[in-house]
1. Answer yes or no: is there a residue in the range 501-508 that is in contact with a Lys or Arg (Cβ under 7 Å, 6 or more places away or on another chain) and buried (at least 16 other Cβ atoms within 10 Å of the Cβ).
2. Taking only the range 160-200 into account, find how many residues are touching a helix residue (DSSP H, G or I) at 6+ places or on another chain (Cβ under 9 Å), of a type in the set (V, I, T) and not in a loop (DSSP other than H, G, I, E, B).
3. Go through the range 273-288 and report how many residues are surrounded by fewer than 19 Cβ atoms within 10 Å (Cβ to Cβ) and either without any contact (Cβ under 8 Å) to a residue 60 or more places away in the chain or of a type in the set (V, I, T) (or both).
4. Out of all the residues in the range 469-482, which are on the phi < 0 side of the Ramachandran plot and not in a helix (DSSP H, G or I)?
5. Please enumerate the residues belonging to the range 50-74 that are open to solvent by less than 70 Å² (accessible area, probe 1.4 Å), touching a Lys or Arg at 6+ places or on another chain (Cβ under 8 Å) and not charged (D, E, K, R).
6. Looking at the range 96-117, is at least one residue open to solvent by less than 50 Å² (accessible area, probe 1.4 Å), farther than 17 Å from K166 by Cβ and among the hydroxyl-bearing types (S, T, Y)?
7. On the given criteria, is T178 closer than 22 Å to V271 by Cα, open to solvent by less than 30 Å² (accessible area, probe 1.4 Å) and not hydrophobic (A, V, I, L, M, F, W, C)?
Amino acid sequence: MVSNDPFNNDVDEETTAANFEGPDDVEMEDLDEDNPVAKVAKVGQTITVTKDGGVTKKVLAEGEGWEKPENGDEVHVTYIGRLAEEGKEMAGPEFDRNDNRTNPFSFTLGKGQVIKGWDAAIPTMKKGERALITIKPEYGYGASGAGEKIPPNSTLEFEVELISWKNVNALTKDGKVTLKFIKQVPGAWQQPKDGWEVSLGYTMKINNEIVKRVDSTTMIVGSPDETTPPFFMDALKKFKKDGASGGDVAVLTVPHPHHPPVPGFMEDATVVYELSIHGWTEVEELEGSVGRSAVKRLLKEGSGWEKPKDGATVQIKVKGSTPDGTVFLDCSEPTSFVLGQNELPEAVEQVLTTMKKGEHAKVSASSDWGYGAALTKEKGLGQAHNLEFDIELVDMTKAKDTYEMTKSEKIEKAKLYKEQGNAYFKDGKSRSAARKYEAIVKLFQYEQNLSSEEKAQVDPIKFTAHLNLAACYLKADKFDKVIDEASKALSISPTSVKALYRRAQAHLKRVELDFAKRDVEKAIELDGADGNLKILQRQIQVEIKKYDEKDRKMYAKMFR
């Protein structure tokens, strides 16, 4: 066997002759312009694979079916390689072979992993076909040759059998559902992700008869509904685009039994879809969004990598409206705001922290992502109103990073965050409040060497941040985080009744009744007059009684 190292002229037993790249001056565009892949050759017939005659193929045994491998497929072949002799077939000296059908030679077609003659000839073969492929030097090893067994300027003969191949775009393990691209945008790289909105058209065919045509529709990747054809979600993730528009066209083939029966056609009919991508929109759910209650749609990519943080000054153009056309916020000219000052709707504040300079986006949000209670009423926005925002980040001046602050600056910043968080919470904006309390925790997460005086100032602020985060997470039904934050508050102040109360509430929601009972009993020991604790204790006792009754009935059945 011959090494694929061009500086090694010795025989290398680890690689194959076909695995050595030939000269670089032959392009694959030299394939026969009459399309050799489409040609059907009978046994004993020789076809010209490349238009210059550099590669020919003679069929020795017919294959099965009509399918042939394509570039990108992983093909499996056996072969015997010989030096060609003028006027004789398969008579020259053998230089390489792999005729082990249980362990055939495998490579990816069209990727330059083998000599150019192979990449040109194998796509003309069907499964099980055996052929004699003759390759002139310019499609083989050229003027350099390959080791001692293949002299310079050698014409080669390969007796090849195509055992099988794996379709690169197979969507099922059995390889039967396939996606074949018939048009692709050059240089495209971006592929849609779950949640993105793809605009497309498609035609459904059976036996080449059009069954259904959809000129334009929008689908959410990863979220099929009852009208979504089979395998469309998998197929959409394979498409690529560059820029705002699409352009890719592909054929999705779904044979029986992967496709449900279509009325009016045989049950085992193969269904073929031709998909044409018009474009897509990057969609991102805002942090804290539940069930797409707050969604960002990218209209124009920004530049650079920096994004504004809390405290940054931003210049924005923004318009807020309701579906009926009512405009409640309109800054058509660049207007300055400081993030975190409760001046903007919550959805706008949060989405700006995800944007880059020059970025343009739209946000759709439910009413609870707007202003706080007071401003919502003042602007005439009811709780049933959905909100739409059109936002462009024109410019920004970043706030001071944590690592740039002194300890005293961090303490003052933490006090400010605490005030702002409390104001957000009272105004009904628990998500924004949580971000303020989280910011307090981050201020001190790497601070190890606080003096006793500094620690005396920091600990109460951190305690309040953890305690209030537990309250925010209770509102969001994030009970694991409630337990975590309440526990951190208790590590600072072990006798905090509020922390025990909130942790007990979360344990109850998670049906961790022993833990809930322990926490509420300890809280009552500390403050037996608190009526809320007594109410929670009774709720826990009711749940324990329910589970005890279930256990009693289960064991009664077991030992009846």
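1. no
2. Residues in the range 160-200 being touching a helix residue (DSSP H, G or I) at 6+ places or on another chain (Cβ under 9 Å), of a type in the set (V, I, T) and not in a loop (DSSP other than H, G, I, E, B): 2 in total.
3. 1
4. A476, K478
5. Within the range 50-74, G53, G54, V55, V59, L60, A61, G63, G65, G72 meet the criteria.
6. No - not one qualifying residue is present in the range 96-117.
7. Answer is yes for this residue.
Listed here are the residues, each with its yes/no results for (1) modelled with pLDDT under 95; (2) assigned to a helix (DSSP H, G or I); (3) out of contact with any strand residue (DSSP E or B) (no Cβ under 8 Å at 6 or more places or on another chain); (4) hydrophobic (A, V, I, L, M, F, W, C).
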residue: D484; (1), (2), (3), (4): no, yes, yes, no
residue: S491; (1), (2), (3), (4): no, yes, yes, no
residue: H507; (1), (2), (3), (4): no, yes, yes, no
residue: K517; (1), (2), (3), (4): no, yes, yes, no
residue: G528; (1), (2), (3), (4): yes, no, yes, no
residue: I540; (1), (2), (3), (4): no, yes, yes, yes
residue: E543; (1), (2), (3), (4): yes, yes, yes, no
residue: R552; (1), (2), (3), (4): yes, yes, yes, no
residue: R560; (1), (2), (3), (4): yes, no, yes, no
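The values are calculated or read from the model by the stated rules, or taken from the named source; none is laboratory data. The shown structure was predicted, so the numbers you read here are calculated from the model rather than taken from an experiment. Counting neighbours? That spans all protein chains shown, and the Cβs are built from the backbone with ideal geometry, glycine included. These area figures cover heavy atoms from the full protein model, side chains too; ligands, DNA and RNA do not enter into them. Shrake-Rupley method; radii C 1.70, N 1.55, O 1.52, S 1.80 Å.
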